[in-house]
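Reading through the structure tokens given below for one structure.
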Amino acid sequence: MVNAKTYSQKPSEVSRRWILIDASEAPVGRIATKIATYLTGKYKPTFTAHIDGGDYVIVINAKDAVFTGNKENDKKYYRHSGFPGGIKDATVAEVREKYPERLIELAVKGMLPKNKLSSERMKRLRVFAGSDHSHTAQTPEKVEVK
């Protein structure tokens, strides 16, 4: 029998791709799971849990993000200033009007593992409200989300 060893990726061996995802194609939850998979690099055969081997992800059309059901008016986003009585809330419609990028960012952040690598992974997520982005020089690969 062959003595097979478990492969462990080193930080110098990490190769990153640029991925382009259109947020107007599928519901936000499905898009967020796909983005989280690319940011963590779990789809790669070289995945190692303690090494950040994920890709860069560009999301376009965040203002047209799809929410199913009545989430547009019922779902609330909460934030707190840290002071007593400092809690504020906003519906999806209010957040979409003012900061459409946050809809995708918050969904993806919730699906990433809560560890020391999550902040670096979130830095590789680029969200744009419209269909144009500033990363054409990186020639991102378009990925379909079903």
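Miscellaneous remarks
- From the list D74, D132, D55, the one residue that fits, being closer than 20 Å to D22 by Cα and surrounded by fewer than 17 Cβ atoms within 10 Å (Cβ to Cβ), is D132.
- Screening R17 with (1) under 16 Å from V108 (Cβ atoms); (2) in contact (Cβ under 8 Å) with a residue 60 or more places away in the chain gives one miss only, at (1).
- Of all residues assigned to the range 139-146, none qualifies as being surrounded by 15 or more Cβ atoms within 10 Å (Cβ to Cβ) and under 11 Å from the mean Cα position of the chain (by Cα).
- When the range 82-122 is filtered for residues that are loosely packed, with under 10 Cβ neighbours inside 10 Å and either within 23 Å of K42 (Cα to Cα) or in contact (Cβ under 8 Å) with a residue 24 or more places away in the chain (or both), the ones remaining, listed by number, are K114, K116.
Any read-out appearing in this document is the output of simple, stated calculations on the displayed coordinates, not a laboratory observation. None of these values were measured; they are calculated from a predicted model. Reconstructed Cβ throughout: ideal geometry from the backbone, glycine too, with neighbour counts over all protein chains shown.
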